[in-house]
Amino acid sequence: MKIVVCVKQTPDTAELPKVNINQVKAGEIGATMIVNPWDEFAIEEGLLLSEKHRADVTAICVGPTQALEALRTSVAMGVGSAILLSDPALVEADALVTARALAAAINKAGGADLVVTGKQSVDGNSGQVSVALARLLGANFLSGVVKVVDVSGGQITVERSLEEGKETVTAKLPAVLSVAREINEPRYPSFMGIRKAAKAAIPTWTVADLGLSAAQVGKAGSVSDWIDLRKPPARAAQVEIIKGDTPEQQAAILMDRLLADKVI
């Protein structure tokens, strides 16, 4: 069985400065770049499945040359091989173009029985790449996966998390899984893994290598475009300490306030 994990390098949101849309599109955000936190769960699940089913795992990332670090982190965690898809034509790619590049790379690498992705990225937050990828690969799509129950007989059974509860679904392979954070606890890269990753030869494929035309990438191949990026306005808040001689008295005053403000 062959497993592919899709990885993205994103800004560390803990130190994200104020940016504008042009900086985002050009990749000039000025923050520390890390593996997309959602993708860490995808990497871990790919590794768990590979250990259980003796499968090969390949990590694929679309991004600039610096995104090699995200792939080296994947290798340090235990991924067997990695591929970077980097080309100026992919800089302003939307979710569809990104999925198209990933699908072309997966096919060029010999296909995959399972493709594992994170729920979304912390920068784009669209959650659309995995859906488009499944469509382009002609694979079944399973979202919100919180547990892989079984993989056998050319099928996969998973548990999905829904707003109203959970459901168990069986689908034929190949399949694309979009996993939720409840599925596992990502491991830390080992010392030996870090040493291996530092020496790993990670190939970089361009649009030409993928066999994609100019009409399939960049703005020409995109169907959506970010036209604005802004943080929500700060909300004014006021704190009042409720005083009383006893906790019971404080609770009574609080209850009166909540009733008066129609909170309850």
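Just so you know, all these numbers are worked out from the coordinates, no wet-lab data involved. The structure displayed is predicted, hence computed values, not measured ones. Positions of Cβ are generated from backbone atoms using ideal geometry, with glycine treated the same way; all protein chains shown enter the neighbour counts.
General observations
- Fully extended contour minus Cα-Cα distance, from residue 52 to residue 263, at 0.36 nm per residue: 70.8 nm
- When peptides 5-14, 73-82 are sorted by average Cβ neighbour count within 10 Å, with the highest value leading, the order is 73-82, 5-14.
- Annotation: the residues 253, 227, sorted from fewest to most other C-beta atoms within 10 Å of their own C-beta, follow the order 227, 253.
- Of the residues 193, 115, 81, the one whose Cα sits farthest toward the positive end of the charge dipole of the chain, with +1 on the Cβ of Lys and Arg and -1 on the Cβ of Asp and Glu, is 81.
- Helix 68-77 axis, angle to the chain major axis (alpha carbon atoms, nearest 10°): 90
- Put a dot 7 Å past the Cα of residue 226, heading toward its Cβ, do the same for residue 242, and the two dots end up 4.3 nm apart.
- With at most 10 neighbouring Cβ atoms within 10 Å, loop GluC sites (Glu not before Pro) (DSSP) excluded, longest segment of the chain: 29-162
- If the convex hull is drawn through the Cα atoms of the stretch 2-221, its volume per residue in Å³: 125
- Unsatisfied cross-links (Cα-Cα over 21 Å) in the set 8/108; 2/172; 147/172; 52/199; 8/172; 2/108: 52/199; 8/172
- Charge context of residue 166, other residues only, Cβ under 14 angstrom, K/R +1, D/E -1: -3
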